[in-house]
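The values are calculated or read from the model by the stated rules, or taken from the named source; none is laboratory data. Keep in mind the model is a prediction, meaning the values are calculated, not measured. Quick reminder, even Gly has a Cβ in these numbers, built from the backbone with ideal geometry, and neighbours come from all protein chains shown.
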Ligand code: PCA
């Protein structure tokens, strides 16, 4: 059975509840369209975030790796490129890396996502439209981003793109909106993230079907 691995992050700074980690834990163990979902919450740690992800990849051999993290922005940010740079901020363990250093010394300056971002953007827009028609409610949309920051999210994203080339065909990073203080958007944020995972599982099935025959798991 194909595997879709979802990672999210735990709390950091003033983020006491991180929706990315909540989503990863919520989908863990589900089976969607014949795809096994493995989800885990990573510690916001320079040391362990990538190590844990690599260990899970070795254990589960996923076809898709969806890494999630929260950004202070109301939309879903479909991250197009990982940058080979580390920022100055300490992780939750108080560890600081050398600011401006490269994630992978000598690696390319940027590496492109290997997730079907155009397709996801359309699917999220369709959901938003349906919500508007049926519920008359607000809904979260997505946009492309070419800057995943210089903290843990970009660090994990770059490592995933660099080291898992040839091992996990479909992989990348998506930033998600935070829960607002009133808790008002919580259900919507949770729902759209589960939708994202479900849609990726659907995409994988369609992609696998269209690729069966002479093609294998190509991007
Ligand atoms: N967001 C941070 C790190 C963890 C998270 O969820 C970031 O954007 O780097």
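Determine whether the range 97-116 contains at least one residue that is over 22 Å from residue 54 (Cβ atoms), out of contact with any strand residue (DSSP E or B) (no Cβ under 9 Å at 6 or more places or on another chain) and modelled with pLDDT under 95. For the range 97-116, residues over 22 Å from residue 54 (Cβ atoms), out of contact with any strand residue (DSSP E or B) (no Cβ under 9 Å at 6 or more places or on another chain) and modelled with pLDDT under 95: absent. Candidates are the residues of the range 1-29 that are more than 21 Å from residue 45 (Cα to Cα) and without any contact (Cβ under 8 Å) to a residue 60 or more places away in the chain; the one that is nearest to the ligand (Cβ to nearest atom) is 28. Being within 27 Å of residue 63 (Cα to Cα), within 16 Å of the ligand (Cβ to nearest atom) and not in a helix (DSSP H, G or I) holds for only one residue in 92, 103, 96, and it is 103.
Within the range 136-161, being farther than 23 Å from residue 22 by Cβ and without any contact (Cβ under 8 Å) to a residue 60 or more places away in the chain holds for one residue alone: 136. If you go through the range 1-24 and pick out every residue that is within 14 Å of residue 198 (Cα to Cα) and surrounded by fewer than 21 Cβ atoms within 10 Å (Cβ to Cβ), you end up with 2.
Residues in the range 111-153 that are assigned to a helix (DSSP H, G or I), within 24 Å of residue 191 (Cα to Cα) and within 16 Å of the ligand (Cβ to nearest atom): 1 in all.
Being surrounded by 14 or more Cβ atoms within 10 Å (Cβ to Cβ) and free of Cβ contacts under 8 Å to residues at least 12 places away in the same chain holds for only one residue in 113, 48, and it is 48.
Every residue, every condition in (1) within 18 Å of the chain's Cα centre (by Cα); (2) farther than 25 Å from residue 179 by Cβ, yes or no:
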position: 28; (1), (2): yes, no
position: 57; (1), (2): yes, yes
position: 74; (1), (2): yes, no
position: 82; (1), (2): yes, yes
position: 92; (1), (2): no, no
position: 96; (1), (2): no, yes
position: 108; (1), (2): no, yes
position: 122; (1), (2): yes, yes
position: 133; (1), (2): no, yes
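Restricting the range 56-74 to residues that are assigned to a helix (DSSP H, G or I) and touching a residue at least 12 places away in the same chain (Cβ under 8 Å) leaves a set whose member that is nearest to the ligand (Cβ to nearest atom) is 56. Among the residues of the range 1-55, those identified as in contact with a strand residue (DSSP E or B) (Cβ under 6 Å, 6 or more places away or on another chain) and either at pLDDT below 95 or in a helix (DSSP H, G or I) (or both) are 1, 19, 20, 21, 23, 24, 25, 27, 49, 52, 53. Summed over the range 162-189, residues that are touching a residue at least 60 places away in the same chain (Cβ under 8 Å), more than 13 Å from the chain's Cα centre (by Cα) and surrounded by 16 or more Cβ atoms within 10 Å (Cβ to Cβ) total 7.
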